[in-house]
1. Which value, in Å² and to the nearest 10, is the accessible area of Phe56 when all protein chains are kept and the probe is 1.4 Å?
2. Applying 1/(1 + (r/R0)^6) with R0 = 22 Å to the Cβ-Cβ distance of Ile211 and Val174, what FRET efficiency is obtained, to the nearest 0.05?
3. Starting from region 168-213, pick out the chymotrypsin sites (Phe, Trp or Tyr not before Pro) whose DSSP state is loop and whose Cβ has at most 10 other Cβ atoms within 10 Å.
4. Quote the FRET efficiency, to the nearest 0.05, computed for Ser123 versus Arg143 with a Förster distance R0 of 45 Å and r equal to the Cβ-Cβ distance.
5. Report the residues of region 121-143 in range of a label on Ser159: point 7 Å along Cα→C-beta, backbone N strictly under 16 Å from it.
6. Treat each spin label as a single point 7 Å out from the Cα along the C-beta direction, and report the Ser23 to Leu7 distance in nm.
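The values are calculated or read from the model by the stated rules, or taken from the named source; none is laboratory data. Only a predicted model underlies this, so the values are computations on that prediction, with no experimental measurement involved. Glycine also receives a Cβ, built like all others from the backbone with ideal geometry; neighbour counts cover every protein chain displayed. Surface areas here come from the heavy atoms of the whole protein model, side chains and all, with no ligands, DNA or RNA. Shrake-Rupley method; radii C 1.70, N 1.55, O 1.52, S 1.80 Å.
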Amino acid sequence: MTYRPDLDVPSGAKGWADPRPWSDVEEAVSTALVWMLLQQVPTSGVHGFTLAYVPFSPLGGDAADLSWEVIDGPADSTVTRSELAGHPAGAVEEFSRSLAEGTEGGVSLPVGLAADVFGTPSSWRGWSPLLADASRLCCHLPRDEAGLELTVRYDRRASPDPWSWTVSIPVPGVEFPASEWVADSPGEALRAALDEADVWLWGLPAGHLRIPPAT
């Protein structure tokens, strides 16, 4: 959708005061993905994490901006860890530090995994402005439901691409499911969500839940 000044960041929305550039989140995510795979190479299954934005989060009160959160855990696990910050890069960097602390000694990469660890994550570039745009628009959903989630998953068994990215945006008044868009890269998933902003900004389901127009 085209830019609209009436959809600027509203008063009271958190997550915008930190002056560091949004592009920092791209490098932070790339680093976190490398640490994630290095730590979890010996295990099977699906691995990943979610970067969540809650613009009107009550966490921290007036003392701290904790509107960005990284939530980690295998898809089939109930054990998770989380890191909070006022900037998306800050939350991901805290998450990377926690992963680095949990990686002891040398790690030997299986054949074929090295390219995924040191190649693909660093090749995703230019998606942070899309994350900023989607986050700004999500601030205009009802305050108690506003926000979005960007989830990355890595599954060695998936073919042809082991990576998948999902953007999830709540449907006001509906606890589950959310509007979702799945793609092979963060830029593709965010662009798909923004392409339907005129739908979900009205509180209507979009993505895989989109209701076809009446004919």
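1. Only protein atoms counted, so the area is about 40 Å².
2. 0.95
3. Those that pass, being in a loop and sparsely packed, are Trp202.
4. 0.75
5. Of the residues in region 121-143, none has backbone N under 16 Å from the label point off Ser159.
6. Placing both labels 7 Å along Cα→Cβ, they lie 2.5 nm apart.
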